[in-house]
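This report concerns only the one structure given below.
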Amino acid sequence: MTTLSNNADLGGYGVRSDTTAAPGVPSATWRMLGSARGKQKLPKGLDALWDSGVGIVRRSMLRRHRYLNRANQILASQARFGPLSEGALRDIAERMRDKFRLGRETPDDLDTAYGLIRELVYRQFGFRLHRSQVAAALALHFGCIAELATGEGKTLAATLPAIVVGWRGRGCHVITVNDYLATRDLATMKPLYEACGLSAAAIDGEMRHESRRAAYQADVTYVTNKEVAADFLRDRLALGQAKGLTTTLVRQILARGNPEEATASDQLVMRGLESAIIDEADSVLIDEAVTPLIIAGDAPNAEQMASFVEAHDLANRLEPEVHFEVDVRYKEINFTAAGRIFLREITREMGGMWSVARRREELISQAITAREFYKRDEQYVIQPDEDGDDRVVIIDEGTGRLQPDRTWREGLHQAIEAKEKVKLTPPKETLARVSFQRFFRMYRHMGGMTGTAEEARNELWQIYHRPAVPIPTHRPCIREQSADRVFVTEEAKWHGIVAEIERVHADGRPILVGTRSVESTKCLSALLDEAGIEHRVLNAVNHDEEAAIVAEAGQAGRVTVATNMAGRGTDIKLGPNVRDKGGLHVIVAERNESGRVDRQLFGRAGRQGDPGSCAVFVSLEDELIRRYGSRLSTVTWKTRGDGSGELSAKAARMFRVAQRKAESVALNQRKNVLRNDDWLDDSLGFAGLEL
């Protein structure tokens, strides 16, 4: 079993792997088989306590000061590159590539490489990487999660370790959260990679097999977390029973002279999981880790398809509190004794799967879950498919973006389709699965960057053994944040937000309002129309216009209403004279279940020393309070509202408590996903794809 950390600085990119392809085994196959790591289980009991203590010690090793001091040295040494010609710089880059490829570099060579890349950045883009970016790049290189504030230039910082990894010749995956960012970042950074003698490519969801394979052969590949994990699973399926090196060697020997047996490696698109640099690391490693990635094939079953529609009709005959109880916090349905008896009675004549108590309860529970917890324009939208038929498309609740290629598992997707009376998609049969926690632990070297790592530092260590390193901003942050404003009702909150927009808009400042759902953007948009305030809306329905809308969000007098997608991976630059007016004003229209998401939205204002401000508006009817708040506290505060329905700032404390509860529940869910992987390996490895 390979450990997560086998060197003094946590599996940084400075450690070379000595693996060499075995005779008769193609390199791509060898590296793919070598990627079957990450099986180490979460420690329990005293082991967990010890591991947590190790994490505290590792995080207190003053890495930030070390990286900042080393960054100062790199900046000071760069002067020697200034007088050199373009040709001379290319020659140095070639020599550096040879050194790193052969594994003969020294620590001083890394400093030289970073100084060289910094000079090439200046010649390509006309500005120099500042100290914080270089320090963040060093943190990435040594396998840490660097916290670099929004607007500080994470995309450019990632190029330094990516180039060094590219010089090693093993390939570097730069992981982004969506196809748009992957293609955008490639287009921006490709000239820099070429100046360093490297090839670079990006992968999007529409790519064919050969194009994907060529993209993965590039020195640096930009790709989303979902695409890279799916390609890994498809490659494992292509390898079939080749689940270990010994098995593969035996098959290679037996297949000599039989060309049909030697085609498995030709089907692979990847060349293993060597190095990863993860942008928006908390989103990829934590938020996305709740749901495993599954490769599935259609498993049509006419009786099962009919049962989803029948379950929807039957569920409408059950009464809340009489036949079932709703657990809002965990999104669970619990049948009462009377409910089970009633279910047995109304399905007595139906036969088939309805005669099995456990199966009928599962079907009805899914139908009620679809009705009670999954709302149109919040968790999903209805859109036409290629044939013009309506279909259910999932909305990523963390980003607000559509997920057209994803479906909910275990019949939930079909239950929602039955509720919406759209054409049902056939149930799926799982061919391969992997959790994102496990997948990213398979990389030999991994680092990440995000604007919000501190809140997740414990989990990043527990799951990935990666310390979070906060990097100070290049310029002091002067953003102003007011106390949360708390309202009794949601309606009062929306009117309070409109009043706030009118107040700030009168000064000519740009305003960004962050909401949690498509429905919320529509509600606020209607109120702004009534108030006569011109605005733009950015949500999952019109996400294709994201770049244009966000690019204008910092212009004077602009009002932008957006779901959480506006907080990740986009850059809002202030227009002329906006700084003098006070900069961008961000309004958070509802506290999210993770404080990191709130802080990402705050970070849209006051970037790189710009002025800015933010305000939070919440109500006792918000989902966070309904799911995780104390009922007693909610009832108590409801009696204290003034004529406008607004409460004192002290009420904001209950939202922070609810947020902590939500984060704790989410952490347990993510750990359960990882434990489920272990259970499948131990108990059912023979039945499916073993990683």
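The values are calculated or read from the model by the stated rules, or taken from the named source; none is laboratory data. The model shown is predicted, which means the values in this text are computed figures rather than measured ones. No Cβ is skipped: glycine too gets one built from the backbone with ideal geometry, and neighbour counts run over all protein chains shown.
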Residue that is surrounded by the most Cβ atoms within 10 Å (Cβ to Cβ) [pool: residues in segment 299-313 that are part of a helix (DSSP H, G or I), hydrophobic (A, V, I, L, M, F, W, C) and touching a residue at least 40 places away in the same chain (Cβ under 8 Å)]: A311
For segment 562-579, check the following and say yes or no: at least one residue is assigned by TED's automatic domain parsing to the domain that holds D507, modelled with pLDDT of 90 or more and within 25 Å of the chain's Cα centre (by Cα). no
Tell me, please, whether a residue that is assigned to a loop (DSSP other than H, G, I, E, B) and either at pLDDT below 75 or among the charged types (D, E, K, R) (or both) can be found in segment 673-688. yes
State which residue is farthest from the chain's Cα centre (by Cα) when the search covers only segment 348-364 and only residues that are buried (at least 20 other Cβ atoms within 10 Å of the Cβ) and closer than 20 Å to E325 by Cβ. R360
From E530, E534, grab the single residue that is in contact (Cβ under 8 Å) with a residue 12 or more places away in the chain and either surrounded by fewer than 20 Cβ atoms within 10 Å (Cβ to Cβ) or closer than 23 Å to A553 by Cβ (or both). E534
Taking A605 and the conditions (1) more than 14 Å from G514 (Cβ to Cβ); (2) touching a residue at least 12 places away in the same chain (Cβ under 8 Å), which numbered condition does it fall short on, given that it satisfies the others? (1)
I need every pair where a residue in segment 360-378 that is at positive phi and assigned by TED's automatic domain parsing to the domain that holds R344 has its Cβ under 9 Å from the Cβ of a residue that is of a type outside the set (S, T, Y) and assigned to a loop (DSSP other than H, G, I, E, B), sequence separation at least 6 or different chains. D377/N539
For T407, are the conditions met, namely being in a helix (DSSP H, G or I) and β-branched (V, I, T)? no
Filtering segment 472-502 down to residues that are at pLDDT below 95, among the β-branched types (V, I, T) and farther than 27 Å from V635 by Cα yields T473, I478
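Kindly indicate which of L84, L120 is part of a loop (DSSP other than H, G, I, E, B) and of a type in the set (A, V, I, L, M).
L84
Among what's in segment 169-183 and is modelled with pLDDT under 95 and of a type outside the set (G, A, S), pick the residue that is farthest from E280 (Cα to Cα).
Taking segment 169-183 first, the residues modelled with pLDDT under 95 are 169-171, 176-183.
Imposing the further condition that a residue be of a type outside the set (G, A, S) reduces the set to 170, 176-181, 183.
Values: R170: 23, T176: 7, V177: 7, N178: 11, D179: 14, Y180: 14, L181: 11, T183: 16 Å.
The residue in question is R170.
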Return a yes/no flag: does segment 423-437 have any residue that is in a helix (DSSP H, G or I), closer than 30 Å to I56 by Cβ, in contact with a strand residue (DSSP E or B) (Cβ under 7 Å, 6 or more places away or on another chain) and in contact (Cβ under 8 Å) with a residue 40 or more places away in the chain. yes
Regarding segment 134-146, can at least one residue be identified that is in a helix (DSSP H, G or I) and among the aromatic types (F, W, Y)? no
Could you tell me whether segment 334-345 includes any residue that is in contact with a strand residue (DSSP E or B) (Cβ under 6 Å, 6 or more places away or on another chain), closer than 19 Å to H312 by Cβ and either of a type outside the set (S, T, Y) or in the same structural domain as L181 (by TED's automatic domain parsing) (or both)? yes
Considering each residue of segment 379-403, count those that are surrounded by 14 or more Cβ atoms within 10 Å (Cβ to Cβ), at pLDDT below 85 and in a loop (DSSP other than H, G, I, E, B), and give that number. 6
Within segment 477-495, which residues are more than 20 Å from L528 (Cα to Cα) and either touching a helix residue (DSSP H, G or I) at 6+ places or on another chain (Cβ under 9 Å) or crowded, with 19+ Cβ neighbours inside 10 Å (or both)? C477, I478, R479, Q481, A483, D484, V486, V488
Output the residue which, of all residues in segment 581-634 that are in a loop (DSSP other than H, G, I, E, B) and of a type in the set (S, T, Y), is nearest to A453 (Cα to Cα). S594
Of everything in segment 117-138 that's touching a Phe, Trp or Tyr at 6+ places or on another chain (Cβ under 7 Å) and either surrounded by fewer than 22 Cβ atoms within 10 Å (Cβ to Cβ) or assigned by TED's automatic domain parsing to the domain that holds G609 (or both), which residue is farthest from A157 (Cα to Cα)? E119
